[in-house]
Amino acid sequence: MKAIYNSEIQGMIDFWNELGVVPDYELNTDGRYNGNLVEFKLVYSDLFAHKEQIKRYIKSYNSAALPIPKYSYLISINERLYIKIDNETNVELEKGSWDLPDFFKSDFVSQTLYIKGWIDELSIVAYNNKLCQEYKKYFKSKEDVKNEFINPKFLNIEPFDWYKQIKQEELDSSNIGWLHFNMNMLGPSLLKKQLGAFFTPDRYVKIATEMVREAIRNVPEENDYIILDRCAGTGNLERFLHQDELAHCVLNTIDYTEWTTLKGLYDGRVKMIIPPTRKGIDISTGLLTNGDALSEEFYNFCFHTGQMSIFDQPFEEESKLLRSWLCDEKMTIIMLENPPFVEPQGGAAQGKQTFQIKDAFLYQQMGKDTFDKKNANRDSANLFIWSAFKYYLKDEHDSYILFSPIKYWKSQHIIDKKIISGYLCNREHFNATAGGISLIEWRNVNQKNEMLKLNSDLGERIIKKHYENPLKLMVDSKDQNPIAWLFNLSNVPKPDNGKLVNYVDPAYRKVQKPYALSEENILQMVPLWAANCYECEDYTEVEVVMKSADGGNKYTGDTDFLLKCFLWGGITRKNKCYSDSSIKNEYCFLQLTRSDKVLTKFQLKNEDSELLESWRHVFECAKFKNEFHASKTYGLCQIDEDINVKIGSGQFNKKGEEIMVKKYLDLDESINQLKKTLKEYYHQYIKPKLFEYELLK
């Protein structure tokens, strides 16, 4: 190694290279080898800060459920000093000097000890996932995971006092404790998908609680009321209800671990907890079959049909009591639910395992009704929503406070009732990706709504009802050699829901129909693809804004709009048409293509000419690069991928990997400027028209 280094990274790389070992750089550390974590500094400048940094690394290892090194070495490169630390006790074991990296080799090779991890707020999910991924043969339910945390046999962790933590969290009624929050996510990923593992955040629970109180105020003076939650989980939605409100609650859950928590928190404080016992537990899944709100047995129990099956004696009295409440004309029903919003068959096309509900009682009953959209009963949330109004809500005083993606009202038209108030929640706070989840208080009064006004974290939002699928506007060309092919799948604007290509993968053709675009229909079709390319402004638009044909063909009369969509479509990187030895890209410009001929029929405005000139600058720049082939016609996507390539910089990162940089800085700069121009052009000239003509809604 050199005597003095100016770069810590270079000193680190030389250290490991000279030592002759390849360390693990996971979690962006300076390297771990066996049970030894190493932190390099050029010189010791602040020993306290250096040691605190090592502690943070140890916490990071634990939070990621990775083996935690027993020892740490704080090494000063230029001073040739070191400090060895016991990570378990934070005690300095020794300190001294070194001349060559080989000084550490014997210890690094022989020290293979790791310390035990621990379960806390930052590590519980990681250790859960480790169990369910690496030991999935043994961990089939949340209860299995819980037992492993309490008495570790597979994980190298300290025993976790689960019940002590639960008890501590129960003492604080103002917040949801981390174990209560995370226990909803424990278990195999498929189980999480089945249950729609989204834990409702406090901020939205409090809004729902105020909706419940508004519904209570609507109860006639002569009436009593119940608050029914068929998918209560651990009772999160009821967390901020007062005791006098809790006394009216009927709560159900399908998961045994949730049921035990529900019993512990609310038994004796609520009107009823379903199931009455854990008699119907399925040991392999940890699910309580008698808590399945989609089943006929559950329906029979609620309405005491005399065919209760697993709800037989000695629980007949509970069934009679529940029926008396649900059927009493003087009992107002308030439903409060966050049902699992999953499409059970959604992954079937990709061969993924799915949550099968096709044999469920409510699935079959809902299938007997007629809806504007086909297969409305394939979404489990729809089964809860439909059945709420079909079986449980009786008159105009009853209410449903509901968390769910808005498509049940917007595009699937499962219900349309009087809206009292609504809020568009951010799905990101539900342990999921950003997106809009509607929270609406519906009153059981039929009312036709063409739009809903909902508050949100970002202010008021208007959501319009959706009727026609954009497939209604799709027109196929008979041209056997079209300019391009367009796919359209689902109402949601996403890249995979509307591919624009000039080669059709035979496997993909089996999934959906490709529409041929030629001179006769490309101007009419490209706006539909432009709608699919829409990028949501914020979470309130994700899975809320949909592609639509509600405006019909009105857009085809706007020649300037058609031109702008056509021009933008031929230049944007989202266009995946390409050229090779067997195919020519005809949907690009300034290369004597068929699209160039179509473009000559238009009189360009200033903004159109400026966009075309921006593309010309990129194309002319690319023409003089070594990777350019004069025999090909190029779109932006192919130039960016085939010509705007990266090369090695001669510099290396911590892992010893060469840092790659763009080969042609002038071309890269031109491309980035064009992308910016395309984005502004779309936002200013295309987006407003897409909404005006209801191609987006």
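The values are calculated or read from the model by the stated rules, or taken from the named source; none is laboratory data. These numbers were taken from a predicted model, which means no experiment stands behind them. Here the Cβ is made from the backbone with ideal geometry for all residues, glycine too, and neighbour counts use every protein chain on show.
The table for this structure:
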| quantity | calculated |
| --- | --- |
| Residue tally, condition within 36 Å of the chain's Cα centre (by Cα), at pLDDT below 95 and among the charged types (D, E, K, R), over the range 291-343 | 4 |
| Filter result for Lys105 (in the same structural domain as Tyr25 (by TED's automatic domain parsing) and surrounded by 17 or more Cβ atoms within 10 Å (Cβ to Cβ)) | no |
| Which numbered condition Ser284 misses (of (1) out of contact with any Phe, Trp or Tyr (no Cβ under 9 Å at 6 or more places or on another chain); (2) at pLDDT 90 or above) | (2) |
| Given (1) in the same structural domain as Ile571 (by TED's automatic domain parsing); (2) aromatic (Phe, Trp, Tyr); (3) more than 22 Å from Tyr555 (Cα to Cα), number of the condition Trp485 does not satisfy | (3) |
| Boolean, Ser404 is in contact with a Gly (Cβ under 7 Å, 6 or more places away or on another chain) and buried (at least 18 other Cβ atoms within 10 Å of the Cβ) | no |
| Within the range 507-549, considering residues that are part of a loop (DSSP other than H, G, I, E, B) and aliphatic (A, V, I, L, M), the one surrounded by the fewest Cβ atoms within 10 Å (Cβ to Cβ) | Val511 |
| Residues of the range 652-684 classified as farther than 22 Å from Glu641 by Cα and either touching a Cys at 6+ places or on another chain (Cβ under 9 Å) or not in a helix (DSSP H, G or I) (or both), total | 6 |
| Any pair with Cβ under 9 angstrom, 6 or more apart, that starts in the range 602-615 at a residue that is closer than 27 Å to Asp668 by Cα and ends at one that is small (Gly, Ala, Ser) and surrounded by 16 or more Cβ atoms within 10 Å (Cβ to Cβ) | Ser614/Ser670; Trp615/Gly570 |
| Qualifying residue in the range 21-34 (condition: more than 34 Å from the chain's Cα centre (by Cα) and in a helix (DSSP H, G or I)) | no |
| Positions within the range 355-401 being outside any helix (DSSP H, G or I), modelled with pLDDT under 95 and crowded, with 18+ Cβ neighbours inside 10 Å, in sequence order | Phe355, Ile357, Ala360, Asp379 |
| Complete set of residues in the range 199-218 that are surrounded by fewer than 19 Cβ atoms within 10 Å (Cβ to Cβ), over 12 Å from Phe240 (Cα atoms) and out of contact with any helix residue (DSSP H, G or I) (no Cβ under 8 Å at 6 or more places or on another chain) | Glu214, Arg217, Asn218 |
| Checking Arg56 against (1) modelled with pLDDT under 90; (2) in contact with a helix residue (DSSP H, G or I) (Cβ under 9 Å, 6 or more places away or on another chain); (3) surrounded by fewer than 13 Cβ atoms within 10 Å (Cβ to Cβ), the condition it does not meet | (2) |
| Condition check for Val544: free of Cβ contacts under 8 Å to residues at least 24 places away in the same chain and touching a strand residue (DSSP E or B) at 6+ places or on another chain (Cβ under 6 Å) | no |
| Extreme residue, surrounded by the fewest Cβ atoms within 10 Å (Cβ to Cβ), among residues of the range 416-446 that are modelled with pLDDT under 95 and in a loop (DSSP other than H, G, I, E, B) | Thr433 |
| Those residues of the range 35-62 which are farther than 15 Å from Asp86 by Cα, outside any loop (DSSP other than H, G, I, E, B) and in contact with a His (Cβ under 8 Å, 6 or more places away or on another chain), in sequence order | Lys41 |
| Verdict on Leu636 being touching a Phe, Trp or Tyr at 6+ places or on another chain (Cβ under 6 Å), hydrophobic (A, V, I, L, M, F, W, C) and closer than 17 Å to Leu567 by Cα | no |
| Top-ranked residue in the range 489-506 [being over 17 Å from Gly569 (Cα atoms) and of a type in the set (S, T, N, Q); ranked as surrounded by the fewest Cβ atoms within 10 Å (Cβ to Cβ)] | Ser490 |
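Per-residue answers, yes or no, for (1) at pLDDT below 90; (2) under 25 Å from the mean Cα position of the chain (by Cα); (3) over 23 Å from Leu321 (Cα atoms):
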{"site": "Ile216", "(1), (2), (3)": "no, no, no"}
{"site": "Asn223", "(1), (2), (3)": "no, no, no"}
{"site": "Phe240", "(1), (2), (3)": "yes, no, yes"}
{"site": "Ile254", "(1), (2), (3)": "yes, yes, no"}
